[in-house]
Amino acid sequence: MTTIPTTTLNNGVEMPVLGYGVFQTPLQQTATHVREALEVGYRLIDTAQAYGNEEGVGQGVRDSGVAREDVFITSKIWVSNMSYERARASIDESLRLLGTDYLDLMLLHQAWGDYPGAWRALEEAYADGRLRAIGVSNFYLERVIDVALLAEVPPAVNQIETHPFRQQDEAHRVLSDLGIAHEAWAPFAEGQNNIFANPVLTEIGARHGKTAGQVILRALMDKDVIVIPKTVRRERMEENLDVFDFELTDADKAAFAALDDPSFPRIFDHYDPTTVRWLLGELVKKQQLGGAALY
Ligand SMILES: NC(=O)c1ccc[n+]([C@@H]2O[C@H](COP(=O)([O-])OP(=O)(O)OC[C@H]3O[C@@H](n4cnc5c(N)ncnc54)[C@H](OP(=O)(O)O)[C@@H]3O)[C@@H](O)[C@H]2O)c1
């Protein structure tokens, strides 16, 4: 079975450089897919409170028979829990749903609401051992610097949209300077832009006997980016893990770098007022907070 390399986070915790994401995986199917992913060899599972499938992740881990300490589980605090009190209660709820007494990594999912308060709740749970590492997601640079420099415990990870068309080199440099690991969400750009048939990627892949998807994962890991591709198909789980037996040439890496496209629309645009108003107003405040104030 493939042994997945790890990277050492800024607090000494080892994190696999390749994992399995379950965004948009329905709760009823999550346990099966997570069990399969662990059977195939994955040892990092990425879920979130907002995905509504933490319970399935916990069940899948137990069903797999893989020891809890051999699986790295990440979850994320949703915006509706973004205050000290709410985040604190929601950590207990995530642990209950996952059926575990600790998480390997808990992230703040978005930089909205009272995220400094929520960060203090993470720091507390980190101090008492319920969270082995804490970090953020979708924190643009000014916000991640804010937490990194002003909080007591700096984030270990920032999980941000990263794929061939948005490689995030500037963010990577800033995160590296701060000692924060860069984790990619949507490494395949969620299949947009016909990515699996991209001629540059398929041409590189053909020379190495690999698919475009495998080239993407290899290239991102070569840039010290942690990847968590999602698939519900077992053969693709195997394909996405079979990326440790080939090396990209410098020319391959240069061709990959040239795919970066500043004009490529963000999959989720945190700077677009319409998107933000929809999410914070309609979704979070009306649906999840019932119109109540978060702070
Ligand atoms: N922090 C955040 O805000 C955030 C946002 C988005 C995602 N994430 C995390 O990042 C993970 C990955 O991102 P994502 O799920 O949005 O998108 P993704 O991994 O970029 O792409 C997933 C899509 O690619 C397809 N696919 C996977 N492997 C393939 C292969 N080898 N060949 C062809 N198609 C393939 C999947 O289809 P099938 O399933 O049908 O195979 C699915 O449609 C998520 O699951 C989640 O854990 C985090």
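For segment 210-225, give me the residue count where each residue is open to solvent by 40 Å² or more (accessible area, probe 1.4 Å), in contact with a strand residue (DSSP E or B) (Cβ under 9 Å, 6 or more places away or on another chain) and either of a type in the set (Gly, Ala, Ser) or free of Cβ contacts under 8 Å to residues at least 60 places away in the same chain (or both). So that I can check it myself, show each step before the final result.
First pass over segment 210-225, keeping only residues open to solvent by 40 Å² or more (accessible area, probe 1.4 Å): 211, 222-224.
Add one more test, that the residue is in contact with a strand residue (DSSP E or B) (Cβ under 9 Å, 6 or more places away or on another chain), and what stays is 223-224.
If we keep only those that are either of a type in the set (Gly, Ala, Ser) or free of Cβ contacts under 8 Å to residues at least 60 places away in the same chain (or both) as well, we get 223.
Residues meeting the conditions: 1.
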Next item on the list: Answer yes or no: is there a residue in segment 83-97 that is within 16 Å of the ligand (Cβ to nearest atom) and within 16 Å of the chain's Cα centre (by Cα).
Entry: no
Margin query: Just to confirm my filter: which helices (runs of 4 or more DSSP H) fall fully inside segment 183-295 and include at least 2 residues that are within 15 Å of the ligand (Cβ to nearest atom)?
Written below: 199-208, 212-222, 234-241, 273-277
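Condition (residue is among the β-branched types (Val, Ile, Thr) and surrounded by fewer than 24 Cβ atoms within 10 Å (Cβ to Cβ)) applied to segment 95-111: is it met by at least one residue?
yes
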Next item on the list: Please determine, by comparing only the residues of segment 138-154 that are open to solvent by less than 50 Å² (accessible area, probe 1.4 Å) and of a type in the set (Val, Ile, Thr), which one is nearest to the ligand (Cβ to nearest atom).
Entry: Val144
Check: If you go through segment 13-26, how many residues are more than 11 Å from the chain's Cα centre (by Cα) and within 11 Å of the ligand (Cβ to nearest atom)?
Finding: 2
Next item on the list: Please list, ordered by first then second residue, the pairs with beta carbon atoms under 8 Å, 6 or more apart or interchain, first in segment 40-54 and within 18 Å of Ser90 (Cβ to Cβ) and part of a strand (DSSP E or B), second more than 8 Å from the ligand (Cβ to nearest atom) and charged (D, E, K, R).
Entry: none
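Matching residues to (1) touching a helix residue (DSSP H, G or I) at 6+ places or on another chain (Cβ under 8 Å); (2) surrounded by 23 or more Cβ atoms within 10 Å (Cβ to Cβ):
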| residue | (1), (2) |
| --- | --- |
| Asp128 | no, no |
| Val136 | yes, yes |
| Ala156 | no, yes |
| Pro164 | yes, yes |
| Gln168 | no, no |
| Ala171 | yes, no |
| Gln192 | no, no |
| Thr202 | yes, no |
| Val227 | yes, yes |
Check: Among the residues of segment 60-113, which ones are part of a helix (DSSP H, G or I), under 29 Å from Asp269 (Cα atoms) and β-branched (Val, Ile, Thr)?
Finding: Val79, Ile91
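Just to be sure I understand, how many residues within segment 277-290 are open to solvent by less than 50 Å² (accessible area, probe 1.4 Å), within 20 Å of Glu161 (Cβ to Cβ) and touching a residue at least 40 places away in the same chain (Cβ under 8 Å)?
The qualifying residues number 2.
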Notebook entry, point to check: Which condition number in (1) within 15 Å of the ligand (Cβ to nearest atom); (2) open to solvent by less than 30 Å² (accessible area, probe 1.4 Å); (3) touching a residue at least 60 places away in the same chain (Cβ under 8 Å) is the one that Gln29 fails?
Noted result: (2)
Notebook entry, point to check: With respect to Arg207, is the statement that it is open to solvent by 30 Å² or more (accessible area, probe 1.4 Å), farther than 30 Å from Pro154 by Cα and within 19 Å of the chain's Cα centre (by Cα) true?
Noted result: no
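The values are calculated or read from the model by the stated rules, or taken from the named source; none is laboratory data. These numbers come from a predicted model, not from an experiment. A quick note on method: Cβ atoms are made from the backbone with ideal geometry, for glycine too, and the neighbour counts reach across all protein chains shown. For accessibility, only protein heavy atoms count, side chains too; no ligands or nucleic acids. Shrake-Rupley method; radii C 1.70, N 1.55, O 1.52, S 1.80 Å.
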